[in-house]
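Right, one structure below, let's go through it.
The values are calculated or read from the model by the stated rules, or taken from the named source; none is laboratory data. Every value quoted in this text rests on a predicted model; they were computed, and no experiment measured them. Here the Cβ positions follow ideal geometry from the backbone for every residue, glycine too, while neighbour counts run over all protein chains shown. In case anyone asks, the SASA skips ligands and DNA or RNA and just uses the protein heavy atoms, side chains included. Shrake-Rupley method; radii C 1.70, N 1.55, O 1.52, S 1.80 Å.
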Amino acid sequence: MPKPLEVLHRSLNTRVIVELRGNRGYRGILDGYDVPHMNLVLRDAEEIINGEAVAKREKVIVRGDNIIYISPP
Amino acid sequence: MPKPLEVLHRSLNTRVIVELRGNRGYRGILDGYDVPHMNLVLRDAEEIINGEAVAKREKVIVRGDNIIYISPP
Amino acid sequence: MPKPLEVLHRSLNTRVIVELRGNRGYRGILDGYDVPHMNLVLRDAEEIINGEAVAKREKVIVRGDNIIYISPP
Amino acid sequence: MPKPLEVLHRSLNTRVIVELRGNRGYRGILDGYDVPHMNLVLRDAEEIINGEAVAKREKVIVRGDNIIYISPP
Amino acid sequence: MPKPLEVLHRSLNTRVIVELRGNRGYRGILDGYDVPHMNLVLRDAEEIINGEAVAKREKVIVRGDNIIYISPP
Amino acid sequence: MPKPLEVLHRSLNTRVIVELRGNRGYRGILDGYDVPHMNLVLRDAEEIINGEAVAKREKVIVRGDNIIYISPP
Amino acid sequence: MPKPLEVLHRSLNTRVIVELRGNRGYRGILDGYDVPHMNLVLRDAEEIINGEAVAKREKVIVRGDNIIYISPP
């Protein structure tokens, strides 16, 4: 059975969608993460608010406890 | 007595409904999970917002702390 | 003195009302639970939103941290 | 100095008011509790929503983390 | 330096204001507390909602995790 | 690198702004704190709601988990 | 793989954007942080509410549990 952190690990260096609480999210390349918090590092990321891209971030640290889901696009 | 994690384990490779906080949810095949966080991996998943399917995700990692319930459909 | 988990244990295989945050709930037969999270397994369950039954679930895993109270009906 | 759990213990078998988050509450006889979660068992309980009694429960398990305060009436 | 729990201890048997989340609060005599939760016991307490006294409580156990601040009046 | 708790320690006996969740805050002299909760003791404090000073408190214990930030004014 | 805390460490003494819950944020120079809470010290910081700079803070301690993300601008 693939565990969530294994799937996350295999997503390194690929583009992922990260949905956060509060109708926010990111699309970017998964650069790193930590365990057990699931804090993420994304690069070349687009910040999404209410479905619209509002900013580009070269690098961003996203705290795990706001994350609803992480998905390859 | 069937424990929640045993029931979750027996649901592997079957289609489940995952209801999240904020009127969101997923329908998809349960691919994996972890203990004790109950983070899930779903595949062939439909994202549901306010009762409507809004996106398809080949694979998605859902953080356990947003989950309200998990049910076979 | 009857402890909460003892009362929960004695409710196994009986019909219970589970009230969740967000005006949601379940009526169903308590099939199992775990300690200390108080995650539940219900069977033959009705999902209740704002007081109305909206769906039937043969089996459902309810995460304990959304539960407000559990009561025999 | 009377500690909160001592006061709770002395309230066993007396009628208490339990105020919960979300303008909900219970009036009932305190039958049991656990430590450290402060989950409660009430019997002969009235459920109160927005100040009005909406249901009677012979027995109810209330999760401690929704409790704002507990008081003898 | 006076630590928060020392200041709380010195407030025993004096009248305090306890502000809770959700525009609620209490004014009453601090009878006891516990560590580390900062659950309180108040006596001769007035319950305040939106700035108005709505009820008197001879004794009340207030859960610490709803407390915003505690102050002598 | 100055750690947050070192900066907090150096702020003892100076006037600080404490911003809390829910558009609340305090301006007062930092009298004490604890670790790791970051509960604070303020003296000669003004309570601020929606940007307006609504009350003066000679002494107040502020629970750390409601704090957004602490700043010298 | 760059871990979130390594990326945070490399951001010391650079200008970062810190997005907080509740449509708040800061732009400032990262002066310090702690582990595991990810509390931050910022200097020469601008406080942002709903996208507008509302105040300047020479130094500010930001509690980690309100942080959504941290990004170099």
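The table for this structure:
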{"read-out": "Selection status of D:Ile67, touching a Lys or Arg at 6+ places or on another chain (Cβ under 8 Å), more than 8 Å from chain C (Cβ to nearest Cβ) and open to solvent by 10 Å² or more (accessible area, probe 1.4 Å)", "value": "no"}
{"read-out": "In the range F:12-24, the residues that are within 10 Å of the chain's Cα centre (by Cα) and under 15 Å from F:Gly64 (Cβ atoms)", "value": "F:Val16, F:Val18, F:Glu19, F:Leu20"}
{"read-out": "Answer from F:Val16, F:Val60 - the residue that is facing chain E (nearest Cβ under 9 Å), of a type in the set (A, V, I, L, M) and in a strand (DSSP E or B)", "value": "F:Val60"}
{"read-out": "Residues of the range C:4-13 that turn out to be at the interface with chain B (Cβ under 9 Å from one of its Cβ atoms) and either farther than 14 Å from B:Pro2 by Cβ or not in a loop (DSSP other than H, G, I, E, B) (or both), as a count", "value": "1"}
{"read-out": "A:Tyr69 more than 17 Å from B:His37 (Cα to Cα), at pLDDT 95 or above and of a type in the set (Phe, Trp, Tyr)", "value": "no"}
{"read-out": "Residues within the range D:15-63 that are within 15 Å of C:Glu19 (Cβ to Cβ) and of a type in the set (Phe, Trp, Tyr), tallied", "value": "1"}
{"read-out": "Criterion: of a type outside the set (Phe, Trp, Tyr) and modelled with pLDDT of 95 or more - qualifying residue of E:His9, E:His37", "value": "E:His9"}
{"read-out": "Condition met for E:Met1 (farther than 24 Å from D:Asn50 by Cα, surrounded by fewer than 14 Cβ atoms within 10 Å (Cβ to Cβ), within 11 Å of chain F (Cβ to nearest Cβ) and touching an Asp or Glu at 6+ places or on another chain (Cβ under 9 Å))", "value": "yes"}
{"read-out": "When residues of the range E:25-57 are limited to those that are open to solvent by 70 Å² or more (accessible area, probe 1.4 Å) and closer than 22 Å to F:Gly64 by Cβ, the one farthest from the other protein chains (Cβ to nearest Cβ)", "value": "E:Val35"}
